Every structure is written in structure tokens, then in C-alpha cells.
Amino acid sequence: MHEWALAEGVISTATRVAGEQGIQKITEINVGIGDLQQIEHDIFLFALEQLRTPNIKDAKFTLQAIKGKLNCRVCGEEWEFSNRDMDEETSEAIHFVPEMAHVYIKCPSCESPDFEVLEGRGVILASISGVKEDS
Amino acid sequence: MHEWALAEGVISTATRVAGEQGIQKITEINVGIGDLQQIEHDIFLFALEQLRTPNIKDAKFTLQAIKGKLNCRVCGEEWEFSNRDMDEETSEAIHFVPEMAHVYIKCPSCESPDFEVLEGRGVILASISGVKEDS
Amino acid sequence: MASALAIRLKEQGQNVGLLDLDFTSPSSHVILGIEGLYPEEEYGIIPPMAHGLRYMSITFYSQDKPAPLRGADISDAIIELLAITRWGNLDYLIVDMPPGIGDATLDMIRLIERIRFLVVCTPSKVAYETVRKQIKLLHELNIPTIGIIENMVMKPTTYVSERAGEDNTTYLGSINYDPMLEDALGNVELLKKTEFYGSIRDLTEKIC
Amino acid sequence: MASALAIRLKEQGQNVGLLDLDFTSPSSHVILGIEGLYPEEEYGIIPPMAHGLRYMSITFYSQDKPAPLRGADISDAIIELLAITRWGNLDYLIVDMPPGIGDATLDMIRLIERIRFLVVCTPSKVAYETVRKQIKLLHELNIPTIGIIENMVMKPTTYVSERAGEDNTTYLGSINYDPMLEDALGNVELLKKTEFYGSIRDLTEKIC
Ligand SMILES: Nc1ncnc2c1ncn2[C@@H]1O[C@H](COP(=O)(O)OP(=O)(O)O)[C@@H](O)[C@H]1O
Ligand SMILES: Nc1ncnc2c1ncn2[C@@H]1O[C@H](COP(=O)(O)OP(=O)(O)O)[C@@H](O)[C@H]1O
Ligand SMILES: [Mg+2]
Ligand SMILES: [Mg+2]
Ligand SMILES: [Mg+2]
Ligand SMILES: [Mg+2]
Ligand code: NI
Ligand code: NI
Ligand SMILES: [Zn+2]
Ligand SMILES: [Zn+2]
């Protein structure tokens, strides 16, 4: 349940952004969940539910999984993250700190750990919708 | 005239890209020149002219200046690079190694050197056009 | 230095956390002999207690493997760790920083409001040259420095203390090279008996 | 180490370049006492001759100011320097690397085809722990290592040499801590008379 801390981040960021944009009541929060972080969507949704604040009371949460897209800086190979053949310890390390991918994963073509995570690193607030005071 | 080395980079990259794309004869090379690198377009064009190879013989070179856009990581301020009030030594340091901007330039709002160069760092090959063998 | 300082503050009855941010060369787990510990997961992660300290290190996740992280990765990993770690109530959070002025230093300056730097320098012209640049940057950014401590001193010189004065930074004193320290690594009880730790004790008196 | 090695190779009649890539803590200009030199601009930049070496350092451009570069900046700056510097014909290009496994190391591994690493370690459990990770990474990537040299040895131990063996790396010998080195910094003629430089001479015999 460290998902809780990540959900808190989403809520507080959404609240800040809403404030900046003059949004009084948030109606929708769209969250991207990077595959590398390997988060159970149910647990994450549960945490978000618990963290509702007055201006988020009726917001609809939508989670979208984002595939982990990795690109090797040495040979240019591009591939997709998968935790299928990963032992539990490794999987958990990347779950907590996605950058640990560089410790445990190598480029399937040249075996370098010097790759870029193009997409699907972690949790991102993709967008919010809401109602402004004057509308 | 260290512009020569940069022009060589453009020509060799254009040649490589052309090869990868099966382009036999390059007709156009578009180069972006970042303001930070403070390059005289005439000199750079001259160097490119001298470096023409058979498959670039008739290519048209177009240089486009790209404004230096800097963004402060600390306070979020965004501003434009200018060498107007810069002494010659500083200007030359950034001319050779654009990253030296972090040594000599501070955010105009919070004075941090921890900014990102969003655009206009150095020389980039923007695009090439050409004729393919089979066309 | 960072580890011993944290241990000493704890000994004085403070609530202390120790965070090792030197991801390519983490060493506090070796110095403190930390083994078999792992953070608990509860509304975030809770750093385990080690010798009375709340202790957090990337080695919980990277184990003893190389962590070939680029600057941007270090930056992301630090932000992730800061976001998920629940330190609880602390009087001090001691952060062992990697050397230089890279992503880790810039991010901590950017993100931690009440940060203060304790600068460690060896008694060498070459080492001071680097430290001078760090101090200059911190001064320019109005980040408070506690001062400079000279470590690994073999024979007394005044080079660093004089430079510190010129650069408007408090010279906090010197710590001798201690040939016994190596054998005490990994054992906190032995560590506390070293001359090195005695010097850390004096240092703590000065700065807290 | 890097500076002395370059000077020694030059003394043996080789064409040698020295590139200081430790951007946050450049030190070779202090060690070699380089002042008043600047690269010439001619179809690129030509590193000036310093003590017979083709010498290149970021300090030509950053002067004595702090260079608060993030990893991505270091990476870009290295690529820029490699692209514009015309070394001419060299037998050796010695690169003084920053510590750790960051952008500089990863880029040099990625970009320089015939790179070989000489790993320097101090005689400490803690220092070796970091070196072990570096060696492991280099082995995994099939990057040749010349071997490990133990530096700043105060009293003989076998810790590093034994570990090197376990980690399948050549142990190249040790260099004693030399209390006279500090006073020789900045003066190459004095440097050549130190015990330290004598050890570098022995090392060069072994590895070239
Ligand atoms: N005064 C000293 N005498 C002997 N060895 C020392 C001394 N200070 C540091 N060392 C050695 O250098 C290592 C690294 O020290 P330091 O960089 O201060 O640790 P930290 O990781 O807390 O920053 C120590 O583990 C120890 O082996
Ligand atoms: N064997 C030694 N004895 C005494 N001082 C040393 C020794 N080796 C290194 N030093 C000191 O440490 C500094 C840095 O050394 P090193 O990191 O090897 O230099 P480089 O920048 O070439 O990598 C030197 O300038 C010197 O002051
Ligand atoms: Mg440390
Ligand atoms: Mg440290
Ligand atoms: Mg150096
Ligand atoms: Mg070095
Ligand atoms: Ni979790
Ligand atoms: Ni030029
Ligand atoms: Zn690859
Ligand atoms: Zn700013």
C-alpha cells in the first residue's frame, strides 16, 4: 500500500492545478499508470476514493495503463517492459523506484543498462476537468 | 572557424540519414542554428559549401535561427537567451560549449543556474529532402 | 561523516533520519553494518530503524548491484523516494550527498526548503578548489552553509582554514586521519570508540 | 593519477592527449599548473600543448567558476567537446573521469570504441565496494579493464588485491600515500621527483 503516497500526490497535484486554473469543482481526473511501476489499479482507485476532498467529492477517476517503452541509447533497440520473467524482489524494487530498471533490466539486443524509459515510468496526472467559478 | 567542425557534423549526419532512407541524391538540407551557439550564418554556410560531397553537390542549404528558450527549474520563469550584455569571453565560452550557459547565466527571476534549455541550444539537422533510387 | 554525525545526534537524544543519496557509491550501509533490514510498506514506505536512526538507502532496492543511472534518472529516483518515504517526526534528517554539483545537489536545493550544507574537505589544494566552487554556488543561491570541516588531516596545515575565511565560510575544525577507523567499519559500537568519532562529537557540539 | 600517467607516457616519447572530463571537480589544471593557455580555433578547436601534452579541460571555458551541470548537460557538453576537438595523431588519450557511473561514464562507454578503463581504488572496504560495482558493470558490458591500482596506501593490507582477484581483475599494484605530493602540485618538475611519480613510472612499465 505505498500506492497511498502516490495517490496523495495525484490528489494534491490535481488540487494545485485546479487552483491555478480557477477550477472550483473537479469533475474528472485522468491518471496514467506506467507499467514499470506495476500498480494494482483497484488498490490505487481505492486510495483515490479515500482521499476525496470537498472539491473532488464527485470527480470521476479514470486510470489508464501506459505500456513501458524502453529505448537503448547504445544500439537504438526499442522494446516493451514486461515483468513476466522477473523474480518478486526485482519486481518490487522497480515498483518502488522505477529507475531500478537500470539495475535489473538490460537491452535485449546489446545488453546495455543505458536505456531511456520513453513511456510508462510511473504515475502521471494526465488531465483534469472541472467547473470554473464564473461558468 | 570551429564552425567547420559543426558543419562537418551536419554533412556526415545528413549523409548517414540519407543512406538509412535510401536517398541517393540530397536536394535540400535544413539546419537549425540555436541562438546559444552564436554562429555567424555566413561562415557556417561557407563551411557547408566547402564540404559538399558528390551526393550533396546540388543540395540547397537553408539555415534557420532558433531562439534560445530557457526555463528555470526552480521558479518556472521562462526567458529568451540574449548575448547583448555579455562580455566577449563569456559569449565565446557559450559559443564553444552551450552548456557553459549554466556557468554564466542566472534565472532573471530567482537567480538560479538550474534552468533547462528548451530550445536553441546548438546546431541541429532539422530535415533533409532528396531523390530515392527507385523514384 | 554523514553516518557518524547521524549516530552522534541520536546519541544526544534527537530523532534522526539518515538518507543516503549517493546512488552510484552508497556507503552508509557498509559503515553502519546494515543488513537484513527493509522498509515497511504502509501508506508509503517507512524507513527501518537502524541503530536508532530512521534509515533510507537505495541499496534496499539496488542491493549490491551497480546502479548505472544518468542524471535525469537520479533526479526522478530522488523525487520518488522523497514522495513515498514517511520519515515521521524528526529533529534532523542527515542526507549523505554524492560529491560535486550534479542533479542530486541541484534537486535537493530546489526541493528542500530548510536545507543547510555541511561541507567536507580534505586538506589539499585540489580538493579545496572543488569545495570553493560549491560554496560559491551555495552563497550565490542564498543557501545556508553550516561551515567547512576538514577531514583526513595527516599533518597540520592552515591552507583550508585560511581559504574558508577568505570565502566567508565558517571553518569548523579538523578531523585527523584515523588509521583505526577502517577496522571499525560495519560495527557501530567500535566506531563510537574511535578517535574519529571523538572528533565528530566535538563537531556536533559546535554546530547544534 | 590521470595527469601523472599522461606526463609519464609523454616522457617515454609517446604522443599523448589529456582530457579532463570531471566537469564539477576538474583538477588536472591545478595539478599540472596550467595557466594562460587557450585552445586555438581552426577547423574545430586544437587543444594547447601543456608540458608536451595536448591538453583539454572544461576550465578553458568555465574558468574558476562553479559548473552546475545536470547529467543531460554533461552528456551534451561531452559530445560537443568530442565533436569539435581536433586531437591530431595521438598514441594515447588519457581521460580523467569523474567518480561513479553517471552520464560521463555511460557516454564514454557508448561513444569511444577502443576505450579501456584503469580503475583507481583507495585501500578501504567502502571504496572497494564502489569499485566492485564499476568493475562488474564493465565486465557485463565487455569493456576491457586494464586493472585496479590501489592509491593512497598508508599501511600494507591485502584487502583490495584479494578482492580484485575474486572479481577477475588484474591487481596492478599499490601507490603509497606521499606526503610530499601536495607541495609538488602545480609544478611538473617537482612532481616528477616525488615518490608518487616513481610509482606511476612502475605502473606505466606494467601496463604499456
Ligand atoms: N578521518 C578519517 N580517517 C580515516 N578514514 C576516514 C576518515 N574519514 C573518512 N574516512 C574513510 O572514508 C570513507 C568515506 O567517508 P565519507 O565520504 O566521509 O563518508 P560518507 O559516505 O558519510 O560521506 C569512510 O568510510 C572511511 O573509510
Ligand atoms: N599517493 C598519493 N599521495 C598523496 N596524495 C595523493 C596521492 N594520490 C592522489 N593524491 C591527492 O589526491 C588528488 C586527486 O588525485 P586523483 O583523483 O588521482 O587525480 P585525478 O584528478 O588525476 O584523477 C591529487 O591531486 C593529490 O592531491
Ligand atoms: Mg557516502
Ligand atoms: Mg558523502
Ligand atoms: Mg580529476
Ligand atoms: Mg579522476
Ligand atoms: Ni506498493
Ligand atoms: Ni567558432
Ligand atoms: Zn542496446
Ligand atoms: Zn528561477
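The values are calculated or read from the model by the stated rules, or taken from the named source; none is laboratory data. It should be emphasised that the depicted structure is a prediction, and the values quoted were computed from it without experimental measurement. FYI the Cβ positions are ideal-geometry reconstructions off the backbone, even for glycines, and counts take in every protein chain you see.
The table below gives the values:
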read-out: In the stretch C:18-38, residue farthest from ligand 3 (Cβ to nearest atom) [restricted to those that are in contact with a strand residue (DSSP E or B) (Cβ under 8 Å, 6 or more places away or on another chain) and closer than 20 Å to C:ALA184 by Cα]; value: C:ILE34
read-out: Boolean, C:HIS29 is more than 16 Å from ligand 9 (Cβ to nearest atom), within 14 Å of chain D (Cβ to nearest Cβ) and modelled with pLDDT of 95 or more; value: yes
read-out: Within the stretch A:29-62, tally of residues that are away from chain C (no Cβ under 14 Å), of a type in the set (Val, Ile, Thr) and either out of contact with any strand residue (DSSP E or B) (no Cβ under 7 Å at 6 or more places or on another chain) or within 16 Å of ligand 2 (Cβ to nearest atom) (or both); value: 1
read-out: Those residues of the stretch C:125-180 which are more than 11 Å from chain D (Cβ to nearest Cβ), among the hydroxyl-bearing types (Ser, Thr, Tyr), closer than 26 Å to B:VAL74 by Cβ and crowded, with 16+ Cβ neighbours inside 10 Å, in sequence order; value: C:THR145, C:THR169
read-out: Single residue of A:GLU111, A:GLU78, A:GLU99 found to be away from ligand 8 (no atom under 16 Å from the Cβ), more than 8 Å from every other protein chain (Cβ to nearest Cβ) and without any contact (Cβ under 8 Å) to a residue 60 or more places away in the chain; value: A:GLU78
read-out: Any hit, the stretch B:120-134, residues being within 12 Å of another protein chain (Cβ to nearest Cβ), modelled with pLDDT of 95 or more and in a helix (DSSP H, G or I); value: no
read-out: Residues of the stretch B:63-74 that turn out to be within 14 Å of chain C (Cβ to nearest Cβ) and either within 16 Å of ligand 4 (Cβ to nearest atom) or within 19 Å of B:GLY120 (Cβ to Cβ) (or both), as a count; value: 3
read-out: Condition broken by C:TYR43, with the remaining ones in (1) within 8 Å of another protein chain (Cβ to nearest Cβ); (2) at negative phi; (3) not charged (D, E, K, R) satisfied; value: (2)
read-out: Count of the stretch A:93-119 residues which are more than 30 Å from A:ARG16 (Cβ to Cβ) and assigned to a loop (DSSP other than H, G, I, E, B); value: 10
read-out: Extreme residue, farthest from D:PRO99 (Cα to Cα), among residues of the stretch C:10-24 that are buried (at least 23 other Cβ atoms within 10 Å of the Cβ) and either among the aromatic types (Phe, Trp, Tyr) or touching a Phe, Trp or Tyr at 6+ places or on another chain (Cβ under 6 Å) (or both); value: C:VAL16
read-out: Odd one out for C:ARG163 among (1) under 21 Å from D:ALA67 (Cα atoms); (2) of a type in the set (Lys, Arg); (3) touching a residue at least 40 places away in the same chain (Cβ under 8 Å); value: (3)
read-out: Subset of the stretch C:181-208 (residues that are surrounded by fewer than 16 Cβ atoms within 10 Å (Cβ to Cβ) and either within 14 Å of chain D (Cβ to nearest Cβ) or in contact with an Asp or Glu (Cβ under 8 Å, 6 or more places away or on another chain) (or both)); value: C:ASP183, C:ASN187, C:LEU190, C:GLU195
read-out: Count of residues meeting criterion [farther than 15 Å from B:SER129 by Cα and either surrounded by fewer than 15 Cβ atoms within 10 Å (Cβ to Cβ) or within 16 Å of ligand 6 (Cβ to nearest atom) (or both)] in the stretch B:27-50; value: 6
read-out: Residue satisfying condition, being more than 22 Å from C:ASP64 (Cα to Cα), in contact with a Lys or Arg (Cβ under 8 Å, 6 or more places away or on another chain) and of a type in the set (Gly, Ala, Ser), within set D:GLY198, D:GLY186; value: D:GLY186
read-out: Residue within the stretch D:101-113 that is more than 30 Å from D:ASP73 (Cα to Cα) and in contact with an Asp or Glu (Cβ under 6 Å, 6 or more places away or on another chain) present; value: no
read-out: One residue from D:ILE58, D:ILE34 being under 19 Å from D:VAL95 (Cα atoms) and facing another protein chain (nearest Cβ under 10 Å); value: D:ILE58
read-out: For C:ASP178: the one exception among (1) of a type outside the set (Ser, Thr, Tyr); (2) outside any helix (DSSP H, G or I); (3) within 16 Å of ligand 5 (Cβ to nearest atom); value: (3)
read-out: Members of the stretch B:58-79 found to be surrounded by 12 or more Cβ atoms within 10 Å (Cβ to Cβ) and within 20 Å of the chain's Cα centre (by Cα), listed by number; value: B:ALA59, B:PHE61, B:THR62, B:LEU63, B:ALA65, B:ILE66, B:LYS67, B:GLY68, B:LYS69, B:LEU70, B:ASN71, B:TRP79
